[in-house]
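J.: Input: one structure, supplied below.
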């Protein structure tokens, strides 16, 4: 097994590898190249010929096929440590054969995924849309690296394998536990957010975010609860202010706290965010998840798209800013990289003057960055 792992430049061994190695031997002896039969799933459309070409390259070396079974068994066991260790074989080679290899393992999980979604009563069109994400995510890899692959997205794609995400219209909806140290309160439809043990930079961003590393003037937001009120720092327009406020319990109810089940919005690349169509998708997604997966407390989002500065930069109301307005926003600890990947489709190390201006939006964001600004992004909640 050591030589096998060395061949794929897998340096971190996991105790469970021995079990998967033996299991992969049995699967390979019994099924041979069966795991490479991607066409049976009818998932890929315009990529089909290229993937067939990659499949043929992969099949030339039996160790590649064995590797696909090896990784599949780790996926089937939901072994996160093993999956992370295996998901980027020979990553230094920049070879699409290895970049794409984990996709065959992911696809081998599709029949079980479809069976589980159907057992929960998820509509067939939603199942089809969810499976389309395999091609969508491959395209994201192509856009970034200009070759076929999936390796860097394996952890993300495992959320689909585990039935934690469904695609409804424009959105991927992830059923998850609310992860933020920010409690959410509601009063007749109005939402307020208070941090719970979070340290902020003097700017109101979270300490440790890019350009917010120095501790001078930093402050901690925490919540004091009595029989009659909650007291803490309120977030205003996505920024923490070092001023304590009270929410009277006679008026305000705590509706979301860390660990509660929520729907996490994700916005796949491609397509518009038409306000009316998005509202239809949101309401349908909420209904499907409540009926098929159990009741949720609300919606959560973490993205550069809802950074409060976007509306100021654009200077007008757009579909993007209308989407952001769905949420009560609060800061996230950010390295500022996402805007480079998703707006400019390039490395965050790219010189600012070289950032492409493909639209009025990208031009406005570029000007903001050139002037020394940042896009930190934000987290947001909605009920």
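The values are calculated or read from the model by the stated rules, or taken from the named source; none is laboratory data. The structure presented is a predicted model; accordingly, all values stated were derived computationally and were not measured. FYI the Cβ positions are ideal-geometry reconstructions off the backbone, even for glycines, and counts take in every protein chain you see.
J.: I'd like to verify a number: residues in segment 347-376 that are assigned to a loop (DSSP other than H, G, I, E, B), under 21 Å from residue 316 (Cβ atoms) and more than 25 Å from the chain's Cα centre (by Cα), how many?
T.: Going through segment 347-376 one residue at a time, the tally reaches 2.
J.: Further question: Inspect segment 100-111 for any residue being without any contact (Cβ under 8 Å) to a residue 40 or more places away in the chain and either in a helix (DSSP H, G or I) or surrounded by fewer than 20 Cβ atoms within 10 Å (Cβ to Cβ) (or both) and give the result as yes or no.
T.: Looking through segment 100-111, at least one residue is without any contact (Cβ under 8 Å) to a residue 40 or more places away in the chain and either in a helix (DSSP H, G or I) or surrounded by fewer than 20 Cβ atoms within 10 Å (Cβ to Cβ) (or both).
J.: Of all residues in segment 242-280 being at pLDDT 95 or above and over 29 Å from residue 205 (Cα atoms), which is nearest to the chain's Cα centre (by Cα)?
T.: In this case the residue turns out to be 280.
J.: While we're looking at this one, here's another question. Can you tell me which of 204, 217 is in contact with a strand residue (DSSP E or B) (Cβ under 8 Å, 6 or more places away or on another chain), assigned to a loop (DSSP other than H, G, I, E, B) and on the phi > 0 side of the Ramachandran plot?
T.: None of the other options fit; the residue is 204.
J.: Which of the following residues is touching a helix residue (DSSP H, G or I) at 6+ places or on another chain (Cβ under 7 Å) and on the phi < 0 side of the Ramachandran plot: 278, 212?
T.: Being touching a helix residue (DSSP H, G or I) at 6+ places or on another chain (Cβ under 7 Å) and on the phi < 0 side of the Ramachandran plot holds for just one of 278, 212, which is 278.
Rundown of residues vs (1) within 30 Å of residue 185 (Cα to Cα); (2) touching a helix residue (DSSP H, G or I) at 6+ places or on another chain (Cβ under 8 Å), yes/no style:
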site	(1), (2)
266	yes, no
290	yes, no
308	yes, yes
313	yes, yes
319	yes, yes
323	yes, yes
336	yes, no
352	no, yes
359	no, no
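J.: I want to confirm something. Restricting to segment 190-201 and keeping residues that are in contact (Cβ under 8 Å) with a residue 24 or more places away in the chain and either in contact with a helix residue (DSSP H, G or I) (Cβ under 8 Å, 6 or more places away or on another chain) or not in a strand (DSSP E or B) (or both), which single residue is nearest to residue 258 (Cα to Cα)?
T.: Per the stated criteria, the residue is 196.
J.: Now, a different point. Considering only residues of segment 315-335 that are part of a loop (DSSP other than H, G, I, E, B) and in contact with a strand residue (DSSP E or B) (Cβ under 6 Å, 6 or more places away or on another chain), which is surrounded by the fewest Cβ atoms within 10 Å (Cβ to Cβ)?
T.: 333
J.: Filter segment 223-241 down to the residues that are surrounded by 16 or more Cβ atoms within 10 Å (Cβ to Cβ) and in a loop (DSSP other than H, G, I, E, B), then identify the one that is farthest from the chain's Cα centre (by Cα).
T.: It comes out as 223.
J.: Still on this structure: Scan segment 271-314 residue by residue and report those that are free of Cβ contacts under 8 Å to residues at least 40 places away in the same chain and crowded, with 18+ Cβ neighbours inside 10 Å.
T.: Matches in segment 271-314: 311 only.
J.: Pairs please, first residue from segment 238-252 and on the phi > 0 side of the Ramachandran plot, second anywhere and assigned to a strand (DSSP E or B), Cβ atoms under 7 Å, 6+ apart in sequence or on different chains.
T.: 238/329; 238/330; 238/378
J.: Identify all residues within segment 266-288 that are more than 15 Å from residue 130 (Cβ to Cβ) and assigned to a strand (DSSP E or B); write none if there are none.
T.: none
J.: If I filter segment 89-98 for residues that are touching a residue at least 12 places away in the same chain (Cβ under 8 Å), in a helix (DSSP H, G or I) and closer than 16 Å to residue 44 by Cβ, do I get at least one hit?
T.: yes
J.: Restrict the check to segment 166-176 and report whether at least one residue is more than 14 Å from the chain's Cα centre (by Cα), touching a residue at least 40 places away in the same chain (Cβ under 8 Å), buried (at least 16 other Cβ atoms within 10 Å of the Cβ) and at positive phi.
T.: yes
J.: Further, regarding this structure: Kindly list, by first and then second residue, each pair from a residue in segment 44-63 that is outside the structural domain of residue 104 (by TED's automatic domain parsing) and on the phi < 0 side of the Ramachandran plot to a residue that is exposed (fewer than 15 other Cβ atoms within 10 Å of the Cβ) and assigned to a helix (DSSP H, G or I), limited to pairs with Cβ atoms under 9 Å and residues at least 6 apart or on different chains.
T.: Close Cβ pairs (under 9 Å, with a partner that is exposed (fewer than 15 other Cβ atoms within 10 Å of the Cβ) and assigned to a helix (DSSP H, G or I)) do not exist here.
J.: I've got another one for you. Taking residue 141 as meeting all but one of (1) closer than 30 Å to residue 5 by Cβ; (2) more than 17 Å from the chain's Cα centre (by Cα), write down the number of the exception.
T.: Of (1) closer than 30 Å to residue 5 by Cβ; (2) more than 17 Å from the chain's Cα centre (by Cα), only one is false for residue 141: (2).
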